[in-house]
């Protein structure tokens, strides 16, 4: 199949290195993608904490003291904001990817064939987030 | 409301210039006028050399897609008074090579549509005298929105991945594949897997989601792609652990 | 002319996807507590005995290990694509893939040594 290129030069517009800064939606996308760095940092931080705990009470205390340094708290606040961005965008996008139609004998006939509403899918994810967080907090802060 | 509005229109005449430039035209600002009406006014009254594609002027043929103030739009469905006092920048659809003025090269897109085998495929065809394939309203609903694509390419224009990696199959092609994969009459999903589950297929997509935002017909190609990733991943794992030949 | 069906990408995506889900559900509260509230003294941190008991429990070890490993592979996949698209570094594919997944593997080994031994 011959292309128009044979007849006259096509003009191919170059893609700028800063393509992601040109639109608000692209910028938000790149920030969302960069949240993965905050995820990796949190893994490292939690491993340091676990290692300290397993090394004894003194090591754990040193970790707590270290974690109180202002620059580290700042890093963790920024990382936490990125983690929140990750979680919120993840749960909001889930309904687009998870499309469930109610089928089968156990579904009441009135609801059979209906699509689970996207808002319900998102709400389920946010509820699970709340429950999981509460559970973790309760385990960690619980009866000592 | 002022009488007129300025359109800054991209010009590219390969025999005259090396790269595109912007040319200003002053057109009447009428309440019901779309950008396309402005362009037609330019061609009829001001400058007959301007080239652009259009046809139905009612948002169904998919011909008049262009970049209006940097956003991919159907120019027949984009109204001038929403941009008043202007100026309004009209450029060719982003991410496509420019042939001339506002006309872009669309061969790549046409070839990709074909690659996903956009037709009903059956392992076994029903004999004619058994009648047509029946489909319930719910079964139609499963793929209906993916069948509404008018091939306007606004999604390709909005997709930054397509701009960076032109081999990417793209939103419309994958949504079209899903239109057939999810059709209860179709049995060709496994054949389309070979086209879709590739590095330049669904795996190149990072769910930016701009394609769905740009789509004038509510096709939601981003959703189609994400749903397909799960299916493709499941099929690939199944094939790995329990190859088709042995099933 | 066109590439064959990918064998690695589906697996990478499944890891990315599950990692994304578990990291979104569990990492925020953990970082909030250990990274912000405890250090600032807004909530008193658990005493060593309690925390050691929690972390030593086999279920905690397994769940935490799974969470950290999946989160690392989530990072590997997403960061790899961020470098490809954001910085347009596709031409360094082999190097980037090695560093990202290599990093995730190294992190997983460390997590195993800390949590499972």
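The values are calculated or read from the model by the stated rules, or taken from the named source; none is laboratory data. Computed from a prediction, not measured in an experiment: that's the story for all the values here. With ideal geometry, Cβ positions are generated from the backbone for all residues, glycine too; neighbour counts draw on all protein chains shown.
Of the residues screened, residue A:140 is one that is modelled with pLDDT under 95 and within 8 Å of chain C (Cβ to nearest Cβ).
Flag: residue A:98 does not match the condition of being under 26 Å from residue C:114 (Cβ atoms), without any contact (Cβ under 8 Å) to a residue 24 or more places away in the chain and either facing another protein chain (nearest Cβ under 10 Å) or surrounded by 19 or more Cβ atoms within 10 Å (Cβ to Cβ) (or both). Can you confirm whether segment C:55-72 contains a residue that is on the phi < 0 side of the Ramachandran plot, in contact with a helix residue (DSSP H, G or I) (Cβ under 9 Å, 6 or more places away or on another chain) and not in a helix (DSSP H, G or I)? Within segment C:55-72, none of the residues are on the phi < 0 side of the Ramachandran plot, in contact with a helix residue (DSSP H, G or I) (Cβ under 9 Å, 6 or more places away or on another chain) and not in a helix (DSSP H, G or I). Among the residues making up segment B:1-53, those that are under 18 Å from residue B:104 (Cα atoms) and in contact with a helix residue (DSSP H, G or I) (Cβ under 6 Å, 6 or more places away or on another chain) are B:35, B:36, B:50, B:52.
Of the numbered criteria (1) touching a residue at least 24 places away in the same chain (Cβ under 8 Å); (2) surrounded by 15 or more Cβ atoms within 10 Å (Cβ to Cβ); (3) more than 12 Å from the chain's Cα centre (by Cα), the one residue C:112 fails is (2). For segment B:125-142, taking the residues that are away from chain A (no Cβ under 11 Å) and touching a residue at least 40 places away in the same chain (Cβ under 8 Å), the one that is nearest to residue B:92 (Cα to Cα) is identified as B:135. Scanning for something assigned to a loop (DSSP other than H, G, I, E, B), free of Cβ contacts under 8 Å to residues at least 60 places away in the same chain and within 18 Å of residue B:212 (Cα to Cα), does segment B:156-168 turn up at least one residue? The answer is yes, given that some residue of segment B:156-168 is assigned to a loop (DSSP other than H, G, I, E, B), free of Cβ contacts under 8 Å to residues at least 60 places away in the same chain and within 18 Å of residue B:212 (Cα to Cα).
Per the listing B:211, B:205, the residue uniquely within 17 Å of residue B:148 (Cβ to Cβ), buried (at least 19 other Cβ atoms within 10 Å of the Cβ) and either within 13 Å of another protein chain (Cβ to nearest Cβ) or in contact (Cβ under 8 Å) with a residue 12 or more places away in the chain (or both) is B:211. The number of residues in segment A:12-40 being more than 7 Å from chain C (Cβ to nearest Cβ) and surrounded by 20 or more Cβ atoms within 10 Å (Cβ to Cβ) comes to 4.
The residue list B:218, B:170 contains one member that is more than 8 Å from every other protein chain (Cβ to nearest Cβ), crowded, with 23+ Cβ neighbours inside 10 Å and at positive phi, which is B:170.
Results for (1) part of a loop (DSSP other than H, G, I, E, B); (2) under 30 Å from residue B:183 (Cα atoms); (3) within 17 Å of the chain's Cα centre (by Cα), shown as yes or no for each residue.
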{"position": "B:18", "(1), (2), (3)": "yes, no, no"}
{"position": "B:42", "(1), (2), (3)": "no, no, no"}
{"position": "B:48", "(1), (2), (3)": "yes, no, no"}
{"position": "B:56", "(1), (2), (3)": "yes, yes, yes"}
{"position": "B:66", "(1), (2), (3)": "no, no, yes"}
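The residue that is nearest to the chain's Cα centre (by Cα), counting only those in segment C:1-11 that are surrounded by 15 or more Cβ atoms within 10 Å (Cβ to Cβ) and either in a loop (DSSP other than H, G, I, E, B) or more than 8 Å from chain B (Cβ to nearest Cβ) (or both), is C:6.
Restricting segment B:69-83 to residues that are touching a strand residue (DSSP E or B) at 6+ places or on another chain (Cβ under 6 Å) and surrounded by fewer than 20 Cβ atoms within 10 Å (Cβ to Cβ), the residue that is nearest to residue B:103 (Cα to Cα) is B:69.
Within segment B:72-103, the set of residues being in contact (Cβ under 8 Å) with a residue 12 or more places away in the chain and within 16 Å of the chain's Cα centre (by Cα) comprises B:72, B:73, B:74, B:75, B:76, B:77, B:92, B:93, B:94, B:95, B:96, B:103. Taking segment B:124-144 as the range and being at pLDDT below 95 and surrounded by 19 or more Cβ atoms within 10 Å (Cβ to Cβ) as the test, only B:142 passes.
Among the criteria (1) without any contact (Cβ under 8 Å) to a residue 60 or more places away in the chain; (2) in a helix (DSSP H, G or I); (3) facing chain A (nearest Cβ under 10 Å), the one residue C:102 does not fulfil is (3). In summary, residue B:182 fulfils each of the numbered conditions (1) in contact (Cβ under 8 Å) with a residue 24 or more places away in the chain; (2) over 18 Å from residue B:113 (Cα atoms); (3) facing another protein chain (nearest Cβ under 10 Å) with the single exception of condition (2).
Within this structure, residue C:22 fails the test of being at pLDDT 95 or above, in contact with a helix residue (DSSP H, G or I) (Cβ under 6 Å, 6 or more places away or on another chain), surrounded by 14 or more Cβ atoms within 10 Å (Cβ to Cβ) and facing another protein chain (nearest Cβ under 7 Å). Would you confirm whether or not segment B:61-68 contains a residue that is farther than 20 Å from residue B:7 by Cβ and surrounded by fewer than 18 Cβ atoms within 10 Å (Cβ to Cβ)? Yes, there is a match, as at least one residue in segment B:61-68 is farther than 20 Å from residue B:7 by Cβ and surrounded by fewer than 18 Cβ atoms within 10 Å (Cβ to Cβ).
Looking at residue B:112, is it more than 11 Å from chain A (Cβ to nearest Cβ), at pLDDT 95 or above, assigned to a helix (DSSP H, G or I) and surrounded by 13 or more Cβ atoms within 10 Å (Cβ to Cβ)? Yes: the conditions hold for residue B:112.
For (1) within 22 Å of residue A:31 (Cα to Cα); (2) in contact (Cβ under 8 Å) with a residue 60 or more places away in the chain; (3) part of a helix (DSSP H, G or I); (4) facing another protein chain (nearest Cβ under 10 Å), each residue gets a yes or a no:
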{"site": "A:79", "(1), (2), (3), (4)": "yes, no, yes, yes"}
{"site": "A:88", "(1), (2), (3), (4)": "yes, no, yes, yes"}
{"site": "A:91", "(1), (2), (3), (4)": "yes, no, yes, yes"}
{"site": "A:103", "(1), (2), (3), (4)": "no, no, no, yes"}
{"site": "A:113", "(1), (2), (3), (4)": "no, no, no, yes"}
{"site": "A:129", "(1), (2), (3), (4)": "yes, no, yes, yes"}
{"site": "A:133", "(1), (2), (3), (4)": "no, no, yes, yes"}
